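Q: The structure is given below, and queries will be raised subsequently.
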Amino acid sequence: MKKSFLYAAVSAAGLLSFGFVNGQKHAPKSATKFIDKSNMDLSVKPGDNFYLYANGNWLKQNPVPGIKTRWGTFDVLRQTSSERIKSLAEEAAANPSKNSIAQRVGDFYSSAMDSAAIEKLGYEPIKAQLQEVAAITNKSDLLQEMISLRSKGISGGLFGFYVGQDDKDVNTYIPQLSQGGTALPDRDYYLKNNQRSKAIRQAYLSYMSDMFELTGI
């Protein structure tokens, strides 16, 4: 119930946030820029490098942040949307008596931010799931656990599955099956031997050790 409500609340908050930019309503369509030439590098000939011609100045003005592996306009949009949703959740938590929806959103957000209560619970909320994992003895059990976790929206390990547009027919939506993962974003994180990748793997090992220790293993 809580999960369903959270999805609805986040969706509503996201839709609401798109209607405003910096606290102001969107400008009329006639005033909207569909192509912002300030992002283009007109010193580059489009026939030589169209990508830099179309995006050169934006790339110069928006270097990839140190904590990111990629950065583009969709990443900016995602971050902006997350910040707006966070503001709406904080407002709901600060004004729980506004209405019943604000109260539920505020209560849910406050419970997630209550680190003291979360620390006190320890791993108790996931104890049943860990016991299910510990009981796996064969391939059939493993497959059933993967299916169970995915059906509950808990995990998407090893494979991805969703419904999306058919690449061969954009008017049709079909089931999509894709490669999943384990924990780190992609294979390069496990195989590259540059200093940054090594530091990430070492931090990952420390994190995993801490997680096992916290669950009493």
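Q: When the residues of the range 14-41 are filtered to those that are surrounded by 11 or more Cβ atoms within 10 Å (Cβ to Cβ) and in a loop (DSSP other than H, G, I, E, B), which remaining residue is modelled with the lowest pLDDT?
A: 26
Q: Has the range 97-120 got any residue that is within 19 Å of the chain's Cα centre (by Cα), over 21 Å from residue 210 (Cα atoms) and either of a type in the set (S, T, N, Q) or assigned by TED's automatic domain parsing to the domain that holds residue 216 (or both)?
A: no
Q: Contact list please: Cβ distance under 9 Å, first residue in the range 196-217 and over 30 Å from residue 120 (Cβ atoms), second residue surrounded by fewer than 11 Cβ atoms within 10 Å (Cβ to Cβ) and among the hydrophobic types (A, V, I, L, M, F, W, C), pairs at least six apart or on different chains.
A: 197/191
Residues are listed down the side, and each one gets a yes or a no for (1) touching a Ser or Thr at 6+ places or on another chain (Cβ under 8 Å); (2) touching a residue at least 60 places away in the same chain (Cβ under 8 Å); (3) exposed (fewer than 13 other Cβ atoms within 10 Å of the Cβ):
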position	(1), (2), (3)
43	no, no, yes
57	yes, no, no
66	no, no, yes
71	no, no, no
79	no, no, no
85	yes, yes, no
89	no, yes, no
98	no, no, no
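Q: Identify all residues within the range 166-212 that are of a type in the set (D, E, K, R) and at pLDDT 90 or above; write none if there are none.
A: Selection gives 166, 167, 168, 169, 192, 196, 198, 201, 210.
Q: Same structure, new question: Among the residues of the range 125-164, write down those that are under 21 Å from the mean Cα position of the chain (by Cα) and farther than 23 Å from residue 217 by Cα.
A: 150, 151, 152, 153, 156, 158, 159, 160, 161, 162, 163, 164 - these are the residues of the range 125-164 that are under 21 Å from the mean Cα position of the chain (by Cα) and farther than 23 Å from residue 217 by Cα.
Q: Also, I was wondering about something else. Kindly state which helices (runs of 4 or more DSSP H) lie completely within the range 98-217 and contain at least 2 residues that are over 30 Å from residue 87 (Cα atoms).
A: 127-134, 139-151, 188-191, 195-214
Q: OK, next. List pairs: first residue in the range 167-192 and farther than 21 Å from residue 150 by Cβ, second residue part of a strand (DSSP E or B) anywhere in the structure, Cβ distance under 7 angstrom, at least six positions apart or on different chains.
A: Listed pairs, sorted by first residue: 172/166.
Q: While we're here: I'd like to know if the range 199-213 contains one or more residues that are loosely packed, with under 10 Cβ neighbours inside 10 Å, more than 22 Å from residue 69 (Cα to Cα), of a type in the set (Ser, Thr, Tyr) and not assigned by TED's automatic domain parsing to the domain that holds residue 68.
A: Scanning the range 199-213 turns up no residue that is loosely packed, with under 10 Cβ neighbours inside 10 Å, more than 22 Å from residue 69 (Cα to Cα), of a type in the set (Ser, Thr, Tyr) and not assigned by TED's automatic domain parsing to the domain that holds residue 68.
The values are calculated or read from the model by the stated rules, or taken from the named source; none is laboratory data. Just so we're clear, the structure is a prediction, and the values are computed from it rather than from any experiment. Here Cβ is always computed from backbone atoms with ideal geometry, including for glycine, and neighbour counts include all displayed protein chains.
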